[in-house]
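Written out below as C-alpha cells is the structure these notes cover.
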Amino acid sequence: VQTISAEKILVTVGRKPNAMPGLDKTGVKVDAKGFITVNDRLQTNVPGIYAIGDVACQPMLAHKATKEAVVVAEVIAGKKTKYDVKAMPAVIFCEPEVATTGLSEMDAKAKNIETFVGSFPYAALGKAIASNDTEGFAKLIGDKKTGRLIGAVLVGAEASSMIAEMTLAIEAGLQVADIGLTVHAHPTMGEATMEAADLALGHPIHVMAKASSPSANAAAAAAAAK
C-alpha cells in the first residue's frame, strides 16, 4: 500500500448526457436520465433525426459512438443496417491497463446465467516474465450451459489490444474451448487468454489445476459435443 500526500483531489466520477441547446423544441424524446431515446437503427421518435454517442445511451465510449455513426450513415443511405452489438470493449489506460468486454460475473448472475471462470496470472506467462511485467491476469467467463465465452477481464500489459480478440469471440458466439484450441504465438502477452481458457476447462499447462468443478466439467462436455 502506498500513501500519497496531496493538497487537492480531483473527483471525476459520473457523467451525464449534454444534449444540444433547443433539443426540447424538436419534440425528440429523452429518458429519465437525459439520454435521447433511439431504436436499433438509432432513429429518434422524430423522422429524420438520429442520435449517437454520449447523448444516446451508455456506455459513453468513443469507439461505441464511431460504430453508431457507421450504422446511421448506412441507414440514411437506405441499407437495412441495425445497431446490434453483443459485447462492447472498455479500457482504462492506467498502469497496469484494465480492459473488459461482455458480461461480468455479476452481470451473468443477474441474468441467471451459471458461469465457469478461468483466471491466468501474468506471473506464469513467458513474455511477461521476460519483459519483467508480471503484474496482471486474464480472466475468461463462460456460460456453463453452452460453453460459450460471454465475458472477459484483462489486467496487465497490452490488455487494451488483447481485448479485441475476446470481443470478436463473443460476437461470433465462440466457446471458451475455441480460445484454448487457437494457437497463439509464443512468446506473447496474448497467450494469457489461451492459458485462461485451458484453466477454465480444467486442463491448464503452466499453472496447477484446481479440482475439477461441475461448471468446468459441464463446459468441457459442451465443447466435446460441439
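Tally Lys and Arg at +1 and Asp and Glu at -1 over the other residues with C-beta under 12 Å from the C-beta of S104: what net charge comes out?
Result for the local shell: +1.
List, in order, the whole-Hz ³J(HN,Hα) value for each residue of region 140-148 obtained from phi through the Karplus relation with A = 6.51, B = -1.76, C = 1.60 and θ = phi - 60°; use x for Gly and Pro.
10, 10, x, 7, 4, 6, 9, x, 6
Restricting attention to region 58-144, which GluC sites (Glu not before Pro) occupy a DSSP loop and are surrounded by at most 14 other Cβ atoms within 10 Å?
For GluC sites (Glu not before Pro) across region 58-144 that sit outside H, G, I, E and B with at most 14 neighbouring Cβ atoms in 10 Å, the list reads E114, E135.
Note down the magnitude of the dipole of region 90-224 about its Cα centre, charges +1 on Lys and Arg C-beta and -1 on Asp and Glu C-beta and zero elsewhere, to the nearest 20 debye.
In total the dipole reaches around 500 debye.
Give the order of M166, M20, M189 when sorted by the count of other beta carbons within 10 angstrom, beginning with the fewest.
M20, M189, M166
From Cα coordinates alone, what are the radius of gyration and Dmax values for region 23-76 in angstrom?
Over region 23-76's Cα set, Rg and Dmax evaluate to 10.7, 29 Å.
Past the 20 Å Cα-Cα mark, which pairs from K67/K111; K16/K80; K86/K145?
Listed pairs above 20 Å: K67/K111; K16/K80.
In nanometres, what is the gap between the two model label sites at A164 and H206, each 7 Å from Cα along Cα-to-Cβ?
2.2 nm
Taking the Cα of D84, stepping 7 Å toward and past its beta carbon, and measuring to each backbone N in region 34-54: which are under 15 Å?
Only 40-42 fall inside the zone, counting backbone N under 15 Å.
With charges set only on the Cβ (+1 for Lys and Arg, -1 for Asp and Glu), what does the dipole of the chain come to about its Cα centre, in debye to the nearest 20?
It comes to approximately 860 debye.
To make sure I understand, if each residue's beta carbon is the centre and we count other beta carbons within 10 Å, what order do V72, V183 fall in, fewest to most?
So the ranking, lowest neighbour count to highest, is V183, V72.
Only one of the listed values, (1) 18.0; (2) 20.3; (3) 19.8, was derived from the coordinates as Kirkwood radius over Cα pairs in Å; which label is it?
(3)
Under a crude label model (7 Å from the Cα following the beta-carbon direction), how far is C94 from S131 in nanometres?
1.9 nm
For K67, K79, what's the fewest-to-most ordering of other Cβ within 10 Å of each Cβ?
Going from least to most buried by this count: K79, K67.
To the nearest 20 debye, what is the magnitude of the charge dipole of region 23-76 about its Cα centre, counting +1 on the Cβ of each Lys and Arg and -1 on the Cβ of each Asp and Glu?
40 debye
Using θ = phi - 60° and the Karplus form 6.51 cos²θ - 1.76 cosθ + 1.60, what ³J(HN,Hα) does each residue of region 53-59 get, whole Hz, x for Gly and Pro?
In residue order, the calculated couplings are x, 4, 7, 8, 5, 6, x Hz.
Note the full-extension length gain between Q2 and K67 as 0.36 nm times their separation in residues minus their Cα-Cα distance, in nm to one decimal.
Full-extension gain reported as 19.4 nm.
Only the coordinates and a few stated rules stand behind these numbers; no lab work does. Bear in mind the structure is a predicted one, so any value in this text is a computation, not a measurement. Methodologically, a virtual Cβ is constructed for each residue, glycine included, from the backbone with ideal geometry; neighbour enumeration extends over all protein chains shown.
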